1. Would you please state which residues of the range 20-42 a label at V70 would reach in this model, taking the label point 7 Å out along Cα→Cβ and a backbone N cut-off of under 15 Å?
2. To two decimal places, what compactness ratio does the range 14-69 give when its Cα radius of gyration is scaled by 2.2 N^0.38 Å?
3. In sequence order, what are the phi-derived ³J(HN,Hα) couplings for the range 43-59 according to the Karplus relation 6.51 cos²θ - 1.76 cosθ + 1.60 with θ = phi - 60°, rounded to whole Hz, with x for glycine and proline?
4. What is the distance, in nm, between label points placed 7 Å from the Cα along the Cα-to-Cβ direction at A20 and at T62?
5. Nearest 5 is fine: what % of DSSP beta bridges in the range 14-69 come out antiparallel, could you say?
6. Output wanted: per-residue J couplings in Hz (rounded whole) for the range 19-32, from phi through Karplus 6.51 cos²θ - 1.76 cosθ + 1.60, θ = phi - 60°, x for Gly and Pro.
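Only the coordinates and a few stated rules stand behind these numbers; no lab work does. What you see is a predicted model, and the numbers here were worked out from it, not measured in a lab. Cβ sites come from the backbone with ideal geometry, for glycine too, and all protein chains shown count toward neighbours.
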Amino acid sequence: MDLWQLDVVGGFHLADGSTANGVVSVGYQQVCIGAQYAGKASDVLVKEGLLQFWVDGQLTKTVARATQGVIRKKHADGQAPRQS
């Protein structure tokens, strides 16, 4: 069992991608995970007052959550609604 699987206990994770300058947005909170991760897919572990950002199986950044609201996936499984 790797570190990622151990840390998921007590929280949930979601997949996200970083922008061209390495910023990830989760629950209206923007976090810069670093320019070296620009455009890469990342996993975000969401816990009670904590966000952990993982890239390629390695923990890259841990920050305190600035919001208390529910975090949801707007487009499940990366499938945006079709435009007619």
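1. 27, by backbone N distance to the label point.
2. So the Cα radius of gyration is 1.01 times the expected 2.2 N^0.38 Å.
3. Those phi angles translate into 9, 10, 8, 10, 10, 3, x, 9, 10, 10, 10, 10, 10, 6, x, 10, 5 Hz.
4. 3.3 nm
5. Bridges in the range 14-69 are about 100 percent antiparallel.
6. Along the range 19-32, the couplings run 7, 5, 10, x, 9, 10, 10, 9, x, 6, 10, 9, 10, 8 Hz.
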